[in-house]
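Asker: Sharing a structure here in structure tokens format.
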Ligand code: ADP
Ligand code: MG
Ligand code: MG
């Protein structure tokens, strides 16, 4: 089964250390949530996993099924089965959504194993229906003029078609109304499988009413400072983060 291990991960932005030693182990079939106050490095973690050039990893390791992720280029990470919604450019002039999706799928499948056009269209149309997306979306230029909710749905569509091993979703719930949130959550739940792990980064507990995590981690000041089950998310929702700070003697 899938095994994703982050050990002692440290990362800097413009010389400033943001991640101060992240440890996290995920297996296929598990849903992990990372919650935390704003500015604690949650998105930096997602970006470092993605290989964003702005973030310099200075220490630690990340492996997917024993393979060194940090050593891989961004496209190699995708091919290895890592899906990060943010890895996709926000807009690409002249490239339709369906062109983009098909080339992303083929990059993931590898040379000599490309998906046939008929099969691709059938899969794409099926998934778009599940996500209650307007069929004309396939032919629109990628993300051009997409509303916030449409972009999020499109990210879930990409995830469904790419069949990744590890899915990292950063604030997938931000800007979604309750109906769109349910559709996104259903998309994630439908993709749950024994060989796929999810890392769901969210500021709010709301999403976790629809996607039940197996583990909840609290991130503060560049570290995972507390881990628990779904009840931890409920307590954070009810009481905020101050009690965690007090418990750990964190001052800021
Ligand atoms: P979170 O996602 O938990 O809200 P971020 O990872 O976005 O936190 O940010 C963590 C810290 O890194 C913040 O102090 C933020 O100001 C800083 N930071 C994030 N991105 C950049 C950047 N591109 N340049 C400079 N500082 C950044
Ligand atoms: Mg933020
Ligand atoms: Mg963030």
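Rule-based calculations on the coordinates, nothing more; no lab input. It should be emphasised that the depicted structure is a prediction, and the values quoted were computed from it without experimental measurement. Counting neighbours? That spans all protein chains shown, and the Cβs are built from the backbone with ideal geometry, glycine included.
Asker: Restricting to the stretch 135-252, compute how many DSSP beta bridges are antiparallel as a %, nearest 5.
Answerer: 55
Asker: Got the relative contact order for the stretch 1-145 handy, in percent, Cα pairs under 8 Å and 6 or more residues apart?
Answerer: Details: 188 pairs, mean separation 30.9, N = 145.
Across the stretch 1-145, relative contact order equals 21 percent.
Asker: A follow-up question, please. Relative contact order of the stretch 66-184: what whole-number percent is it, with Cα pairs under 8 angstrom and at least 6 residues apart?
Answerer: Reported relative contact order: 37 percent.
Asker: If I take every Cα pair under 8 Å that is 6 or more residues apart in the chain, average their sequence separation and divide by the length, what percent do I get for the relative contact order?
Answerer: 28
Asker: With each pseudo-label sitting 7 Å past Cα toward Cβ, what's the residue 250-residue 54 distance in nm, one decimal?
Answerer: It is 2.3 nm.
Asker: Considering the chain as a Gaussian network with a 10 Å cut-off on Cα pairs, which listed residue, 105, 118, 211, attains the greatest mean-square fluctuation?
Answerer: 118
Asker: Once the Cα gyration tensor of the chain is found, what semi-axes does its equivalent ellipsoid get, as square roots of 5 times the eigenvalues, in whole Å, sorted largest first?
Answerer: 30, 21, 17
Asker: Okay, next question. What's the center-to-center distance, using Cα atoms, between the stretch 148-185 and the stretch 205-229 in Å?
Answerer: For the stretch 148-185 versus the stretch 205-229, the Cα centre distance is 18 Å.
Asker: Could you give me the radius of gyration and the Dmax of the stretch 6-89, taking only the C-alpha atoms into account and expressing both in angstrom?
Answerer: Rg, Dmax (Cα atoms, Å): 12.4, 36.
Asker: Comparing 32, 52, 217, which has the greatest mean-square fluctuation in the GNM of the chain with Cα pairs linked when under 10 Å apart?
Answerer: Judging by the Gaussian network model, the answer is 52.
Asker: Go through 194-207, 17-30 and give me the packing order, highest mean Cβ count within 10 Å leading.
Answerer: 194-207, 17-30
Asker: Only bridges with both residues in the chain count here: give the DSSP antiparallel percent, nearest 5.
Answerer: Antiparallel bridges: around 60 percent, rounded to the nearest 5.
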